[in-house]
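Participant: Just passing along the structure, written as structure tokens.
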Amino acid sequence: MRAILKITFIYVFIACTWSAPIFSQAQKNSTVAEGKPLDKIPAGTIALSRDVTFDIIRSRGAGGGTWSTAFMELVSNQNPDPKARNPEFLEEVELSLHLAYEMAPDATGKKAYDFYSSKVRIAILKARERVPLSFFLPGYIVERDRLPREPKYWAVEISISGIPQETSPNLVCRDYKTPQMLKFLPSFLGKVAQEGRRTEGLLMPQYLTPRGISGQVRTLDLTIPFIREEGGQR
């Protein structure tokens with residue numbers, strides 16, 4: 001009987017000895033998994049496969065004129081948020097495109113710009129999938145203001161689950177790609193927010209654009225799970 005108790009005690013002791021480090025490691029991994037809340041999503045989590053490209057589309061209906069289109073392709077990496085349900089998925093992706101067209105100088109001879117912005121919200125994206133996005137500016141606006149094919153400046157802002165992604169040269173036009181110029185991007189975005197109010201809603205995401213226009217884009221993806229909002233900005 002004593003021999004049986006002794007053997008049982010040794011077995012329990014060994015089991016506890018082996019399980020202790022395993023439990024400790026699991027507890028450590030759990031702590032890492034929980035992590036600290038992110039203030040910023042790291043740059044490049046969602047990137048552009050190349051710079052935004054611009055083109056024109058001719059209208060054959062009452063919409064009239066030659067519409068301007070801006071095209072980009074998103075490439076997503078894993079979700080870095082430790083609170084994400086699954087790192088392979090990025091939820092509540094919000095993307096804003098900002099354009100600045102150089103206009104004729106004002107009465108004082110100072111350079112003048114017209115600003116346009118549009119925002120889309122996407123319910124969920126999967127890592128490593130390529131997502132094409134298009135935005136459109138009505139042809140009669142392009143005709144009225146004699147807008148060039150490409151804006152003078154452009155920039156893209158991205159957030160994931162309400163957390164802003166750090167800006168990077170990948171998300172801005174050529175003029176802002178250097179580290180020195182990237183520092184001035186907040187000033188540009190401030191001008192967009194202030195002076196772009198009068199053009200709110202004019203730069204349209206693809207799901208608000210007339211089908212006769214957006215349907216001419218070969219790369220248009222109708223399966224993107226947009227969270228739809230009327231108007232370009234909220």
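The values are calculated or read from the model by the stated rules, or taken from the named source; none is laboratory data. Bear in mind that the values here come from a model prediction, so they are computed numbers and not experimental data. Virtual Cβ from ideal backbone geometry, glycine too; neighbours counted across all protein chains shown.
Participant: Output yes when any residue across the stretch 197-212 is out of contact with any strand residue (DSSP E or B) (no Cβ under 6 Å at 6 or more places or on another chain), closer than 23 Å to Val93 by Cβ, modelled with pLDDT of 95 or more and part of a helix (DSSP H, G or I), and no when none is.
Facilitator: Scanning the stretch 197-212, I find at least one residue that is out of contact with any strand residue (DSSP E or B) (no Cβ under 6 Å at 6 or more places or on another chain), closer than 23 Å to Val93 by Cβ, modelled with pLDDT of 95 or more and part of a helix (DSSP H, G or I), so the answer is yes.
Participant: Within the stretch 3-22, can one find any residue that is loosely packed, with under 15 Cβ neighbours inside 10 Å, at pLDDT 95 or above and either part of a helix (DSSP H, G or I) or outside the structural domain of Gly139 (by TED's automatic domain parsing) (or both)?
Facilitator: no
Participant: Could you check how many residues of the stretch 208-220 are within 20 Å of Ile122 (Cβ to Cβ) and surrounded by 13 or more Cβ atoms within 10 Å (Cβ to Cβ)?
Facilitator: Residues that pass the stated criteria total 5.
Participant: Determine if the stretch 182-195 includes at least one residue that is crowded, with 19+ Cβ neighbours inside 10 Å, of a type outside the set (Gly, Ala, Ser) and not in a loop (DSSP other than H, G, I, E, B).
Facilitator: Within the stretch 182-195, one or more residues are crowded, with 19+ Cβ neighbours inside 10 Å, of a type outside the set (Gly, Ala, Ser) and not in a loop (DSSP other than H, G, I, E, B).
Participant: Just to check your reading of the model, which residue among Ser49, Ser76 is loosely packed, with under 13 Cβ neighbours inside 10 Å, at pLDDT 95 or above and touching a strand residue (DSSP E or B) at 6+ places or on another chain (Cβ under 9 Å)?
Facilitator: Step by step, each of Ser49, Ser76 is checked, and only Ser49 is loosely packed, with under 13 Cβ neighbours inside 10 Å, at pLDDT 95 or above and touching a strand residue (DSSP E or B) at 6+ places or on another chain (Cβ under 9 Å).
Participant: Continuing with this model, one more query. In the stretch 102-126, which residues are over 13 Å from the mean Cα position of the chain (by Cα) and either buried (at least 21 other Cβ atoms within 10 Å of the Cβ) or part of a loop (DSSP other than H, G, I, E, B) (or both)?
Facilitator: Ala104, Pro105, Asp106, Ala107, Thr108, Gly109, Lys110, Lys111, Phe115, Tyr116, Ser117
Let's see how each residue does on (1) touching a residue at least 12 places away in the same chain (Cβ under 8 Å); (2) not hydrophobic (A, V, I, L, M, F, W, C):
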site: Val172; (1), (2): yes, no
site: Gly190; (1), (2): no, yes
site: Gly196; (1), (2): yes, yes
site: Pro205; (1), (2): yes, yes
site: Thr209; (1), (2): yes, yes
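Participant: Taking the stretch 135-179 on its own, how many of its residues are in a helix (DSSP H, G or I) and crowded, with 21+ Cβ neighbours inside 10 Å?
Facilitator: Residues flagged as in a helix (DSSP H, G or I) and crowded, with 21+ Cβ neighbours inside 10 Å within the stretch 135-179 amount to 1.
Participant: If Leu38 passes every condition in (1) under 18 Å from the mean Cα position of the chain (by Cα); (2) of a type outside the set (S, T, N, Q); (3) modelled with pLDDT of 95 or more but one, which one does it miss?
Facilitator: (3)
Participant: Also, quick follow-up: Residues of the stretch 213-232 being within 20 Å of the chain's Cα centre (by Cα) and either in a helix (DSSP H, G or I) or under 21 Å from Val131 (Cα atoms) (or both), which ones?
Facilitator: Thr219, Leu220, Asp221, Leu222, Thr223, Ile224, Pro225, Phe226, Ile227, Arg228, Glu229, Gly232
Participant: Working only within the stretch 159-183, note down all residues that are of a type in the set (A, V, I, L, M, F, W, C) and touching a helix residue (DSSP H, G or I) at 6+ places or on another chain (Cβ under 7 Å).
Facilitator: Across the stretch 159-183, the qualifying residues are Val172, Met181, Leu182.
Participant: Give the residues of the stretch 86-106 that are more than 12 Å from Ser117 (Cα to Cα) and not aliphatic (A, V, I, L, M), sorted by residue number.
Facilitator: Asn86, Pro87, Glu88, Phe89, Glu91, Glu92, Glu94, Glu102, Pro105, Asp106
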